[in-house]
Every structure is written in structure tokens, then in C-alpha cells.
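Notes to accompany the following structure.
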């Protein structure tokens, strides 16, 4: 069987306080819906025998109306193409009690073929020549093993397990979200032809037959180096091929050494980098300012920085700041320090504009020399 494995679409994800002028909704949220539907068109063109979604279809347990509309539009595509959807709930879209209705209850009213597990228990679905063993996100970690123990491998079909959680081999990559549970590596059994995993947002193989497809979108800056998209899987041969899907791009603009440049030069450098980008207005960006004094950071012109941030979808600035108060002299003996030179160096890195820097240096060094001379006379 040929399947397309996707996960963690997080429909309803919003951010950055940008409004789409056409729809009035949060711009980030609208882009998530648009990219999801474009992705589903690409998935349908692959003509798979089934689409597997390994959890976190929605970003929250009570999805926004537009999130439901996007899902219904996707189901229309799958129904028209006669492609079944295999789906489990993830930790973001699962009720935290057994008495809260699941958002997945709505899906059963669509005419598309949907096999959905969301009731905190193991479920089995047979589609074509493949048996899908579905373990949704559970209320506690021990329930995964209980559900896994219910599985009976079908000798007459291909066997695919679908579950949502963090493989123990990736515990250093915890997302630290509610109901994030680890999947014991012993559950990644070779008895399955394929294991479709969700929760980890990077595309990654964790065993011979187990893969995370990764999320379609960049959901946080921690994912800036992740590979995104889906996977095209041949359950008989075991071949897995990455499938590129549209998303809102995230770009690392690199590092800027701010040690010897002025605040205005810092903003000019950032603007120059953005100006060379192909589509800055639709890109989430990050830049790191290194060796920057706290005082220089405060002196960056806010209006200039706001204008730069308006060029992109969002700009995150991280800093490696220096506190001059804590900077000690290299010489162990204070009497051997060239205080005039130290003052000159200090002024140079403050980022003073125009002729002010030279004026401060000239005045300050003059004062230092006078004080030092009087100190020597007193001795």
C-alpha cells in the first residue's frame, strides 16, 4: 500500500499580532489554513491508497470555526479522490477528561472515509491490504503500553502502527507541552511494516521502520533547523520518500558582531540582510546580536527597528549582551593599568553617533590625564 504520512498540522495556530486585511483574522492563522489546504492538494496528487495523520490535527481542544472549515474542505478533496483518512488525536486536541466532547466527533458526519481513534484506547482499522493499529494520545503514559499489548499482528496484511508521543530516544527534545508522553522504544517493533509517529515536529527516522513526518509549519523558533513536510511510504517495500509541502518559511538571518559598530549600523545591517531576501513579507525571521552592550541595545532607534520588523512577518532578536560593569582589567596590578586607554576603548564601544564620540574621548581623556597627574604629585 502507498500511504502519505503527515502530522502536527496544528490548525488554528496563531501569532505575531498581524491581521489579514481581507479576512480580518490573524495573518499567521490564515497562512496555516492556506498552506494546509495547498498541502492536501499535493497529497491527493500523489494518489495514495490512504492518508495517515499522526495527531494534533487541531492546535487546541476547542478548535476555531475556520479550523473546522479547513478540515471539511480537506475531507471534500479526499472524498472526491476516494482516499481514506487514518487519524488519531494528539495531545493538543484531546480533552483532558473523558467527559469533554472530542473535536473529532464532528468528523463522523462527513461522507469521506475516516478512521479516527480519539477515545483513549487502542483501535484497529482495515483498509485495503493493510491493518492500521491506532494508539491515540493517552491520559497517562502507562496507557500506551496497555494499548500496545492489545495489538495482534495480522499475518495476512501489512501492519502499520500510528501513535503520538515522544520516542524515548528523543527525550532531549521534549516540547514540554500538556500531556506530552514518551513512547517506550520497545514499542517500535520490527513486527510492523511501518510506524507513523506524531508529536516531534522535525522529520526524523527513529528506527528501521519508524518515522516522524514532522509538522508542516514551523510552530516555534526552536524548530528553525527542522525539516518539514510529509512522507510517502510504500508499506510493502519499506521505502520512505520525503514529500515537500508548502509552509510559512522561517529564516535564520545569522549573527551580527556589534562590538565595534553603532546602533544605527546595527539596524542598517539587519535591513540590508532582509533586503536581499526573496520574500521577506511572508517570512518568519531570527537574528542574533553578539557582543552588544546593554546600553547600546537601549540606544537602538525604536522607530528604525519597528520599520525593519514591518518588512517581515515576524522578527525575533536574540542577544549576547555585555555588561561593562562586570568587565575586569586584564592586568592584575591596578597601578599598571593605562586608564586613559581603557576609557578610550570604553567610549568606542558605546555607539555614540557623529562627532559626539570624539568629543567625549577628547574631553574625558583630558580629565583623566589631569587627575592622574595630580595623583602622581600627591604620591
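The values are calculated or read from the model by the stated rules, or taken from the named source; none is laboratory data. This is a predicted model, so every value here is computed, not measured. All Cβ positions, even for glycine, are placed from backbone atoms using ideal geometry, and neighbour counts span all protein chains on display.
Structure data summary
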{"read-out": "Only listed residue being within 20 Å of the chain's Cα centre (by Cα) and more than 22 Å from residue 39 (Cβ to Cβ), chosen from 169, 157", "value": "169"}
{"read-out": "Residues satisfying the stated conditions in segment 270-294, i.e. farther than 11 Å from residue 315 by Cβ and assigned to a strand (DSSP E or B)", "value": "288, 289, 290, 291, 292, 293"}
{"read-out": "Filter pass, residue 222 being at positive phi, surrounded by fewer than 18 Cβ atoms within 10 Å (Cβ to Cβ), modelled with pLDDT under 95 and not in a loop (DSSP other than H, G, I, E, B)", "value": "no"}
{"read-out": "From 5, 10, 53, residue being out of contact with any helix residue (DSSP H, G or I) (no Cβ under 6 Å at 6 or more places or on another chain), at pLDDT 95 or above, buried (at least 24 other Cβ atoms within 10 Å of the Cβ) and under 17 Å from residue 68 (Cβ atoms)", "value": "53"}
{"read-out": "Scope segment 208-217; condition without any contact (Cβ under 8 Å) to a residue 40 or more places away in the chain and either closer than 11 Å to residue 228 by Cβ or touching a strand residue (DSSP E or B) at 6+ places or on another chain (Cβ under 8 Å) (or both); matching residues", "value": "209"}
{"read-out": "Residue 112 assigned to a loop (DSSP other than H, G, I, E, B), under 30 Å from residue 130 (Cβ atoms) and either out of contact with any helix residue (DSSP H, G or I) (no Cβ under 7 Å at 6 or more places or on another chain) or in the same structural domain as residue 141 (by TED's automatic domain parsing) (or both)", "value": "yes"}
{"read-out": "Answer residue from segment 295-306, given it is in a helix (DSSP H, G or I) and in contact (Cβ under 8 Å) with a residue 12 or more places away in the chain and is nearest to residue 247 (Cα to Cα) among those", "value": "305"}
{"read-out": "Search result, residues across segment 50-69 that are touching a strand residue (DSSP E or B) at 6+ places or on another chain (Cβ under 7 Å) and more than 25 Å from residue 132 (Cα to Cα)", "value": "63, 67"}
{"read-out": "Within segment 146-156, considering residues that are in contact with a strand residue (DSSP E or B) (Cβ under 8 Å, 6 or more places away or on another chain) and in a helix (DSSP H, G or I), the one surrounded by the fewest Cβ atoms within 10 Å (Cβ to Cβ)", "value": "148"}
{"read-out": "Residue identified as surrounded by fewer than 11 Cβ atoms within 10 Å (Cβ to Cβ) and either modelled with pLDDT of 80 or more or within 29 Å of residue 267 (Cα to Cα) (or both) among 370, 365", "value": "370"}
{"read-out": "Residue in segment 84-95 that is in contact with a helix residue (DSSP H, G or I) (Cβ under 8 Å, 6 or more places away or on another chain) and in a helix (DSSP H, G or I) present", "value": "no"}
{"read-out": "Failed item in (1) more than 28 Å from the chain's Cα centre (by Cα); (2) surrounded by 14 or more Cβ atoms within 10 Å (Cβ to Cβ), with residue 111 passing the rest", "value": "(2)"}
{"read-out": "Enumeration of residues in segment 131-145 that are out of contact with any strand residue (DSSP E or B) (no Cβ under 7 Å at 6 or more places or on another chain), without any contact (Cβ under 8 Å) to a residue 40 or more places away in the chain and either surrounded by 13 or more Cβ atoms within 10 Å (Cβ to Cβ) or outside the structural domain of residue 202 (by TED's automatic domain parsing) (or both)", "value": "143"}
{"read-out": "Qualifying residue in segment 91-107 (condition: modelled with pLDDT of 85 or more, closer than 17 Å to residue 209 by Cβ and buried (at least 19 other Cβ atoms within 10 Å of the Cβ))", "value": "no"}
